[in-house]
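Working notes, beginning with the structure itself.
The values are calculated or read from the model by the stated rules, or taken from the named source; none is laboratory data. Note that the coordinates shown come from a computational prediction; the quantities given were computed from them, not determined experimentally. Reconstructed Cβ throughout: ideal geometry from the backbone, glycine too, with neighbour counts over all protein chains shown. Note: accessible area is taken over every heavy atom of the protein model, side chains too, but ligands, DNA and RNA are not part of it. Shrake-Rupley method; radii C 1.70, N 1.55, O 1.52, S 1.80 Å.
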Amino acid sequence: MRQRREELGLSQEDLAARLRISVRAYGNWERGLVKEWTDRKLLALAEALEMSERQCFWLFRVMVDRDPPPTWRAAEENRLPEDPAQRDYLCDYAALMEAVPYPSFLVDHRWDVALTNSAFDRLFQSVRPHPTALPDDNFLRFVLFHPDAAAVLEDHEPAWCVPLLARFATALAAAPEDEGLRSIRQEVARDPFMEAAYRYGVPHWLSTHGAQAAEQDGAVRTVRHPDPRWGLVRCRMVAETSRMLDGMGLTRITLILSAPQGAPTGPAPVGGFPQQRNSRLRAVPSLGE
């Protein structure tokens, strides 16, 4: 609750006003001192915190271990599966992901994140709020647009941005009318840096490395974990699905972390987040190349 409130830039006083309760009462809500969570309280909280249906679903699951009532309806694109069997499967799959010690998350074809585990949340715990590019909201938007992405995703530009842009270009070509993908394309076009990467960096990179280099499954990259016991670590991406997940249009991505040989380990740099962008993307050829 506190994390979502801070993402929205709201104080406890603001939330209390939205809920029409006292600041002290809301403080008790946030501290977990509520004796009983009724549907009315949870639905009011979900509305006050501007939650999508997915977020509301997990709010009910965490608080009272059941689905929200059918009165809750959010935007169509945020709908969870209506099939009860698929919903139950996702709940059990969440338990399976939570048992994995490595960061793991479920995404759809737009890179909208359907589910994360605690290891994923810890990896990105230092990421600041952002209106559209949080890592547990849309992973592609996070990689491309969040100013803190380079603090976690080492070698951010060539190792993360360009391969994901290449996969995005393929997805958009396959579904040019998809509103979610078109929205991301418009955001790329508004960002001169990412537009250059999309138009020039991706073709150059693909001609150099081949189309298989854009595949997520098996890709080896590097992340900087906020826990100093991890520090800078090698990361292999494992992408997989199952019959049930495939039926929901979901893919699971797990980041297998292991210390790279010869790479220094230690805490993230002191003094805040590193700058995300240099004068140009290294994967974009200069005019003389």
In the range 1-17, residues that are more than 22 Å from Q125 (Cα to Cα) and surrounded by fewer than 16 Cβ atoms within 10 Å (Cβ to Cβ) total 3
Among the residues of the range 17-46, the number that are free of Cβ contacts under 8 Å to residues at least 24 places away in the same chain and closer than 25 Å to D137 by Cα is 3
Being in contact with a Cys (Cβ under 6 Å, 6 or more places away or on another chain) and either outside the structural domain of S242 (by the TED database) or open to solvent by less than 50 Å² (accessible area, probe 1.4 Å) (or both), is that true of even one residue in the range 41-63? yes
When every residue in the range 11-51 that is touching a helix residue (DSSP H, G or I) at 6+ places or on another chain (Cβ under 7 Å) and not in a helix (DSSP H, G or I) is compared, the one farthest from M63 (Cα to Cα) is S22
If you go through F120, F193, F142, the only one that is assigned to a helix (DSSP H, G or I) and either farther than 25 Å from G231 by Cβ or at pLDDT below 90 (or both) is F193
Just one listed residue, out of D227, D178, is at pLDDT below 95, under 27 Å from Q125 (Cα atoms), in the same structural domain as V152 (by the TED database) and open to solvent by less than 80 Å² (accessible area, probe 1.4 Å), and it is D227
The number of residues in the range 165-190 that are free of Cβ contacts under 8 Å to residues at least 24 places away in the same chain and either part of a helix (DSSP H, G or I) or of a type in the set (G, A, S) (or both) is 9
Residue count, the range 10-60, condition closer than 22 Å to V113 by Cα and of a type outside the set (A, V, I, L, M), comes to 10
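Name the one entry in P147, P158, P84 that is touching a residue at least 12 places away in the same chain (Cβ under 8 Å), out of contact with any helix residue (DSSP H, G or I) (no Cβ under 8 Å at 6 or more places or on another chain) and surrounded by fewer than 19 Cβ atoms within 10 Å (Cβ to Cβ).
P147
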- Flag for A213 being free of Cβ contacts under 8 Å to residues at least 60 places away in the same chain and out of contact with any strand residue (DSSP E or B) (no Cβ under 9 Å at 6 or more places or on another chain): yes
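What tally of residues in the range 108-117 results from selecting those that are open to solvent by 40 Å² or more (accessible area, probe 1.4 Å) and without any contact (Cβ under 8 Å) to a residue 40 or more places away in the chain?
0
Let's see how each residue does on (1) among the polar types (S, T, N, Q); (2) under 29 Å from G9 (Cα atoms):
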{"position": "P81", "(1), (2)": "no, no"}
{"position": "Y89", "(1), (2)": "no, no"}
{"position": "Y93", "(1), (2)": "no, no"}
{"position": "F105", "(1), (2)": "no, yes"}
{"position": "D108", "(1), (2)": "no, yes"}
{"position": "N117", "(1), (2)": "yes, yes"}
{"position": "H130", "(1), (2)": "no, yes"}
{"position": "D155", "(1), (2)": "no, no"}
{"position": "W160", "(1), (2)": "no, yes"}
